[in-house]
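Engineer: A single structure is presented below for examination.
Just so it is clear, none of the values below were taken in a lab; they were calculated from the coordinates. Keep in mind that this is a model prediction, so the values were computed, not measured. Every residue, glycine among them, receives a Cβ derived from its backbone with ideal geometry; neighbour counts consider all protein chains shown.
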Amino acid sequence: MALLNWRSAEHYDYTGDQPCVLCNKPTPLRSDKDKPVHKVCAENWLDTHTKDTENGRRR
């Protein structure tokens, strides 16, 4: 399971909520690429879209 560290203030947008790119619910959080996304949504996406490096298969 992916666990992201979003304690840095750069992940919070004080200008207001925007729809999460994954679930469409409002969030003040931003990804490293400045996309509005909940931390939990981003972690779930990573879990389903990253490859297991030991055997080359998706987790």
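Engineer: In the chain, if every C-alpha pair distance is counted and binned at 5 Å from zero, what percent goes to each bin?
Structural biologist: Here the calculated profile for the chain is 4, 20, 25, 21, 13, 9, 5, 2, 0.
Engineer: Next question, about the same structure. Using R₀ = 22 Å, calculate the FRET efficiency as 1/(1 + (r/R₀)^6) where r is the Cβ-Cβ separation of Lys25 and Thr48; round to 0.05.
Structural biologist: On the way: r = 18 Å, r/R0 = 0.84.
It comes out at approximately 0.75.
Engineer: Would you grab the residues whose amide H sits under 5 Å from the one on Leu22? Only those 5+ places off in sequence or on another chain, please, with H modelled 1.01 Å from N.
Structural biologist: His38
Engineer: Another question, then. To make sure I understand the rule: partners must be lysines, Cα under 21 Å from the Cα of Lys25, and not fewer than 8 residues away in the same chain. Which ones qualify?
Structural biologist: List returned: Lys33, Lys35, Lys39.
Engineer: Give a residue-ordered list of calculated ³J(HN,Hα) values for region 10-19 (Karplus: 6.51 cos²θ - 1.76 cosθ + 1.60, θ = phi - 60°; whole Hz; x for Gly, Pro).
Structural biologist: Coupling constants for region 10-19: 5, 8, 10, 9, 6, 7, x, 6, 9, x Hz.
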